[in-house]
Amino acid sequence: MTKNTGLKHKCGTLLDRDNVAGYVFILPFIIGLVVFTAIPFFTSLYLAFTKYNVLSDPKWVGLANFKEMFFEDELFWTSFKVTFKFALIQVPVKLTVALLVAMVLARATRVTSFYRAAFYIPSLMGGSVAIALLWKQLFSPKGVINQILGFFGLPNETAWLGNPKTALGTLIALGVWQFGSSMLIFLAAIKNIPSSYYEAAIVDGAGPVRRFFSITLPMLTPIIFFNLINQVIGAFQAFNSSYLITKGKPLNTTLYYGVHLYNKAFNQFEMGYGSAMAWFMLLIIAFFTALIFRSSSAWVYYESEGR
């Protein structure tokens, strides 16, 4: 009896040591979560209802920031409309391009690996300062884009980033150019579609277009759903391209919501107002995310559920 008790005691001690070791290993993550996520999260919620300029203590003002945001700040609605338009155009175009390129690269050739890496590189570098400056030079009045157009006899004096009609489209093009991550996810999903489905469709006389819409597209709907959620969230949080390339100009046609928030919080030191803007955008992202989730039952096909 004593021997069994001693064995249980040793086992308990070992388990306790394992638990302590586990807690030690996850402690850095827990500290980071609390210090860099939880505390700023709830602090910003409090600041959203205060007037705070960093130099003095926060002063509680209730809903004053939201009142100013909705009824007094014209740039708020301008930036929101620009960001919504940016997301509405970029997300579907980017996903379409990513899917088309993934379909092409799904065919194994000697150079397929090279092209996969080449198409993915912009996703790694697209948000950098160097790429933003490069894009600005490419679309300058004397940039490469205008030189190429002039070579083919087309108008070559367009100020792409200085014209209100083309500035946002130029930034959207930069966003679409960064389709590499979505493309790789699509490519992996295409590779996982059983070849027997295509073989049976070919036997039944289905052509490439019919096979795409009857097999490939339905089987990819869960991945389209995943990419759609990620891209919508990313589009509403867009910041770098506008801030680094155009600063919201010309005539605020490229003033992203994130840039206006940054200007209010860090240039004008209205931290309370900036926090209120951040929380409003969080609600907007949550709304569209929930809307996509709600609609998924009508168009997302899960093989395991037979729908």
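The values are calculated or read from the model by the stated rules, or taken from the named source; none is laboratory data. Note that the structure is a prediction, hence the values are computed from the model and not measured. Because the Cβ atoms are built from the backbone with ideal geometry, glycine has one as well, and the counts that use them run over all protein chains shown. Protein only, heavy atoms only, side chains kept; ligands, DNA and RNA dropped before computing areas. Shrake-Rupley method; radii C 1.70, N 1.55, O 1.52, S 1.80 Å.
Side notes on the structure shown:
- The set of residues from segment 144-184 being free of Cβ contacts under 8 Å to residues at least 60 places away in the same chain and of a type in the set (A, V, I, L, M, F, W, C) comprises Val144, Ile145, Ile148, Leu149, Phe151, Phe152, Leu154, Ala159, Trp160, Ala173, Trp177.
- Segment 242-257, residues that are assigned to a helix (DSSP H, G or I), open to solvent by 20 Å² or more (accessible area, probe 1.4 Å) and not aromatic (Phe, Trp, Tyr): Leu244
- Residues being open to solvent by less than 40 Å² (accessible area, probe 1.4 Å) and without any contact (Cβ under 8 Å) to a residue 40 or more places away in the chain - total across segment 190-203: 2
- For segment 146-171, the set of residues classified as surrounded by fewer than 18 Cβ atoms within 10 Å (Cβ to Cβ) and in a helix (DSSP H, G or I) consists of Gln147, Ile148, Leu149, Gly150, Phe151, Gly169, listed by residue number.
- Matching residues in segment 55-85 - criterion: being open to solvent by less than 70 Å² (accessible area, probe 1.4 Å), touching a residue at least 60 places away in the same chain (Cβ under 8 Å) and among the hydrophobic types (A, V, I, L, M, F, W, C): Val61, Phe66, Met69, Leu75, Phe76, Phe80, Val82
- The single condition among (1) open to solvent by 80 Å² or more (accessible area, probe 1.4 Å); (2) over 28 Å from the mean Cα position of the chain (by Cα); (3) touching a residue at least 60 places away in the same chain (Cβ under 8 Å) that Leu133 does not meet is (2).
- Pair list, Cβ under 7 Å, 6 or more apart: segment 35-51 residue under 12 Å from Trp279 (Cα atoms), other residue hydroxyl-bearing (Ser, Thr, Tyr) and not in a loop (DSSP other than H, G, I, E, B): Ser44/Ser275; Leu47/Ser275; Ala48/Ser275
- Of the criteria (1) within 22 Å of the chain's Cα centre (by Cα); (2) at pLDDT 80 or above; (3) not hydroxyl-bearing (Ser, Thr, Tyr), which one Leu161 fails: (1)
- Candidates Ile89, Ile131, filtered to the one that is of a type in the set (Val, Ile, Thr) and modelled with pLDDT under 85: Ile131
- Any chance Arg116 is touching a residue at least 12 places away in the same chain (Cβ under 8 Å), over 21 Å from Tyr257 (Cβ atoms) and of a type in the set (Lys, Arg): yes
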